[in-house]
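Participant: This is the structure I have questions about; it appears just below.
Every number here is computed from the coordinates shown, using simple stated rules; none is lab data. If you're wondering where the values come from, they're calculated on a predicted model, not measured in any experiment. As a convention, Cβ positions derive from the backbone with ideal geometry for all residues, glycine included, and neighbour counts pool all protein chains shown.
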Amino acid sequence: MSGPGVYVSIPFCAQKCTYCNFRSDVYSRPLRSEYLNQLARELCRAEIAPGGTLYFGGGSPSLLEPQEFSVVSSNLPDGGWDEATLEIAPGEATPDRVRAWAACGIDRASLGVQSFDRAVARAAGRKHGPETVEAEIDRLVAAGIRTISVDLIAGLAHQTPATWSRSLEWVERLAVDHVSVYMLETDDDSRLGRELRSGGTRYGAPDVPSEDLILDLYLEAVERLVAIGFERYEVSNFARRGKRSRHNLRYWTLQPYLGFGSDAHSFDGHRRWSNVSTAPEYVERMKTAGSARATFEELGPEQLLEDKVLTGLRTRAGVRFDSREWRKVGPRAEPLVAQGWLVADGPSLRLTDRGLLFADEAIADLLA
Ligand code: SF4
């Protein structure tokens, strides 16, 4: 039987991007070193079964130098992963680092490009241009890291239909296997989001596209990606045949996963738990208490049903319910089916193309 999904959190970044709402930051080298030592301790104690999926996320795991990376990777099973992904901030995939990733069994790279337009990327706090991304993809593939995913964000400051179209041209030209397309989130967890909500002018806030334009940009991406052979298998995720993210599918289908490091979450099918949110808290808690756990929950049938809808309905395949669950969900689904957002097939539900655009609203109605 295959092991769990393993998520390793590396919450360090070279800069804090304006749109970023993750619990990552620009921390000092000494803190980074302490964090990696404590993370190695947490991994070493876990006795992870091999054969599952591995995901280095953050933050920018690509920021670690090879010797820092090995502090962590030497405490993981030695290869044999079903899939092993590392998130990369363009500009950080140096030859030494790429060799270290390949040697530890990384076979999938997820590049947080967000925009291939230099000015849009710069306004968001990034320094890369399209040539950097192209050269780094070539380097990754040459090292044996052959599955390449890129992230794009629709709605960044200064983005226009023309710059968005050029970004999509680069995706087409680079022949990547997987693309994640997100619409800009304007919540209070990012600097740009706070600026937008308060009507401020910093971080290019006045030059953020309107909600209608963001939706148009997203729809253009859907159309163009599908036209060149991508399947939209989740609201924001597109893959070529056989290239879906197996790690993320574990989250969406409620299979067990274990998270290590700050802000990492775990689930074993009946219980879920999480670590403290930030790197300084993580180091402190690991040193003083020997554990960074912050929450622990036994999940009852109601919570498991809620999780099933929250995660599963965002996938193209949708969700199949047992008879007890269907008695609750079925009647609430009827108006959404009539509205054309959901398709029901026996006790199964999935979102239509139109419903995928309103996934959050549909999910909220089903859980009301
Ligand atoms: S977007 Fe990525 S690279 Fe930028 S601050 Fe957030 S985690 Fe770091």
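Participant: Are there trypsin sites (Lys or Arg not before Pro) in the range 59-148 that DSSP puts in a loop and that have at most 16 other Cβ atoms within 10 Å, and which ones?
Facilitator: Passing sites in the range 59-148 are 127, 146.
Participant: Next question. For residue 202 and residue 365, FRET efficiency with R0 = 35 Å and r from the beta-carbon atoms, rounded to 0.05?
Facilitator: E between residue 365 and residue 202, to the nearest 0.05, is 0.45.
Participant: Once label points are set 7 Å from the Cα along Cα→Cβ at both residue 194 and residue 45, what is their separation, rounded to one decimal in nm?
Facilitator: Modelled inter-label distance: 3.3 nm.
Participant: Rounded, prolate or oblate: pick one for the range 63-212, where a ≥ b ≥ c are the square roots of the eigenvalues of its C-alpha gyration tensor, a/c under 1.5 means rounded, and failing that, prolate if a/b is larger than b/c, else oblate.
Facilitator: Note, shape of the range 63-212 comes out prolate.
Participant: As an exercise, use a Förster radius of 25 Å and the Cβ-Cβ distance of residue 37 and residue 94 to find the FRET efficiency, rounded to the nearest 0.05.
Facilitator: According to the calculation, E is roughly 0.60.
Participant: Provide the FRET efficiency to the nearest 0.05 for the residue 185-residue 343 pair, computing r from the beta carbons and using R0 = 30 Å.
Facilitator: Numbers: r = 28 Å, r/R0 = 0.92.
So, using R0 = 30 Å, E works out to roughly 0.65.
Participant: May I ask you to give the average projected area over all directions of the convex hull of the Cα atoms of the range 1-71, in nm² rounded to one decimal? Before the final figure, lay out the partial values.
Facilitator: On the way: hull surface 21.4 nm².
The orientation-averaged projected area of the Cα hull of the range 1-71 comes to 5.3 nm².
Participant: Still on this model: Go through the cysteines of the chain and tell me which have no other cysteine Cβ under 4.7 Å away.
Facilitator: That list is 13, 44, 104.
Participant: For residue 78 and residue 169, calculate 0.36 nm times their separation in residues minus their Cα-Cα distance, and state this gained length in nm to one decimal.
Facilitator: Between residue 78 and residue 169, full extension yields 28.9 nm more.
Participant: Rounded, prolate or oblate: pick one for the range 302-352, where a ≥ b ≥ c are the square roots of the eigenvalues of its C-alpha gyration tensor, a/c under 1.5 means rounded, and failing that, prolate if a/b is larger than b/c, else oblate.
Facilitator: oblate
Participant: Here's a follow-up. Provide the percentage of antiparallel DSSP beta bridges, counting only those with both residues in the chain; round to the nearest 5.
Facilitator: Roughly 45 percent of the DSSP beta bridges within the chain come out antiparallel.
Participant: Something else: Can you give the local net charge around residue 84? Use residues other than it whose beta-carbon is closer than 11 angstrom to its beta-carbon, Lys and Arg +1, Asp and Glu -1.
Facilitator: Neighbour charge sum, excluding residue 84 itself: -1.
Participant: If I model a spin label as a point 7 Å beyond the Cα along the Cα-Cβ vector, how far apart are those points for residue 354 and residue 160 in nm?
Facilitator: Label at residue 354, label at residue 160, 3.4 nm between them.
Participant: Shifting gears a bit: For residue 231 and residue 270, compute 0.36 nm times the residue count separating them, minus their Cα-Cα distance, and round to one decimal in nm. Working shown, then result.
Facilitator: Working: separation 39, 0.36 × 39 = 14.04 nm, distance 3.14 nm.
Stretched out fully, the residue 231 to residue 270 stretch lengthens by 10.9 nm.
Participant: Still on this model: First check a/c for the range 208-343, with a ≥ b ≥ c the square roots of the eigenvalues of its C-alpha gyration tensor; if it is under 1.5, answer rounded, and if not, answer prolate when a/b is larger than b/c or oblate otherwise.
Facilitator: oblate
Participant: Could you pull out the trypsin sites (Lys or Arg not before Pro) across the range 273-358 that fall in loop regions by DSSP (anything but H, G, I, E, B) with no more than 16 other Cβ atoms inside 10 Å? Before the final figure, lay out the partial values.
Facilitator: Numbers: sites: 285, 287, 293, 308, 314, 316, 320, 324, 327, 328, 332, 350, 354; in loops: 314, 316.
Hits after loop and neighbour filter: 316.
Participant: Taking a virtual spin label 7 Å from the Cα of residue 277 along the C-beta vector, which residues in the range 1-38 bring their backbone nitrogen under 11 Å of it?
Facilitator: Output list for this probe position: 22-24.
Participant: Restricting attention to the range 1-82, which GluC sites (Glu not before Pro) occupy a DSSP loop and are surrounded by at most 12 other Cβ atoms within 10 Å?
Facilitator: Within the range 1-82, the qualifying GluC sites (Glu not before Pro) (loop, at most 12 other Cβ atoms within 10 Å) are 47.
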